[in-house]
1. Taking the residues in the stretch 151-176 that are assigned to a loop (DSSP other than H, G, I, E, B) and farther than 19 Å from residue 240 by Cα as candidates, determine which candidate is modelled with the lowest pLDDT.
2. Within the stretch 50-124, which strands (runs of 3 or more DSSP E) (wholly inside it) include 2 or more residues that are within 43 Å of the chain's Cα centre (by Cα) and more than 20 Å from residue 16 (Cβ to Cβ)?
3. Looking at 279, 296, 304, 308 in this structure, which one is under 28 Å from the mean Cα position of the chain (by Cα), buried (at least 16 other Cβ atoms within 10 Å of the Cβ) and either more than 26 Å from residue 191 (Cα to Cα) or without any contact (Cβ under 8 Å) to a residue 60 or more places away in the chain (or both)?
4. Go through the stretch 232-251 and give me each residue that's part of a loop (DSSP other than H, G, I, E, B) and in contact with a strand residue (DSSP E or B) (Cβ under 9 Å, 6 or more places away or on another chain).
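The values are calculated or read from the model by the stated rules, or taken from the named source; none is laboratory data. Everything numeric in this text was worked out from a predicted model, so none of it was measured. As a convention, Cβ positions derive from the backbone with ideal geometry for all residues, glycine included, and neighbour counts pool all protein chains shown.
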C-alpha cells in the first residue's frame, strides 16, 4: 500500500503565486501584485514544479503559456485562492458584522436583565440571533460553545478573560410581617438572633461584613447560619418577601419588592460591600462584533440598574 506524500504548507503559497502569475499573464506583473520580486515569484513556481515533477508553464521571453497539466492544476490552485479569500471575508464579517448566533450564559438572577439590555441590538441587526443559557452552575464555556458569560463575585483562576461591567450593592432585607413578629435589628450583633435565608454554605454558615456609613474605621464581621438555603438568588428574595427570615439581596433583584413594600432594608447606618459583575469570554484574542457590542450593551444596561456602581 502506497502512502500519500505529506502536504507541505509551502505548497499553498506556491499555488497562490502560480494562480496570480496566470491571472496577470507575467512574472513581473504578478510580482508587483504580490509585493515580491520577479525572481522570487519565478523561484516559487519552479519549486512547485520541481516538488511534483511537472511542468506548469512554458516560458519564453515574450509570454507564458500553460501546459496541459498546468491548465488542469491552475483550476485547482484558483479554487484554493478563492477558498482562502472566502475564509478571509468570513473572518472579516465576523469581526465587523453583527450576525450569526450569539450564545450567552447567565445565572438565573441575571437572565431577566439580558433581554432589556440586548433588545435594541437585536432590533437593529436582524441577522443576529440569541441563545441564552440560564444556569446558576459555572458551566464550561468551551464545552457549551458560549461566546459570553455573565458572572458575579470573585472569579476562580482560569484561562478565561473577564471584563468588569459594574458592581452591585447588597442590601440586608426582611419582610414587615417578619419584623413585626421577631423585632427589627438595631445593631449588627442583633442579626445573630434572627432566622436567615441564604445560599448553601459549609459548616459555620456565611460571613457578613458591615461598615458604619461615613466611618471606615468602624466595621463588624459576623457569621450566621441560614435556616433556609437555596442556590438561586431570586428564590431567596421570594422567601424573604414571604416573611421567612432575613436575607442579603443584590439591590437590582430586590428593587421591585423594596418599592412595593414587600421587604424593607435594615441597619441603614451600616453598609455592605458591593459585588463585581463580569463579562467572561473564553479567549483573549480579538472578539467578534456580536460579542463586543453585546458586552457594551450589557454594561450600559447593568450600570443603569438601581444599586449598580460603575
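1. Of everything passing the filter in the stretch 151-176, 157 is modelled with the lowest pLDDT.
2. By residue number, 100-106.
3. The conditions single out 279.
4. Hits for the stretch 232-251 are 243, 244, 245.
Results for (1) farther than 27 Å from residue 150 by Cα; (2) surrounded by fewer than 14 Cβ atoms within 10 Å (Cβ to Cβ), shown as yes or no for each residue.
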position	(1), (2)
37	yes, yes
49	yes, no
71	yes, yes
77	yes, no
104	no, no
119	no, yes
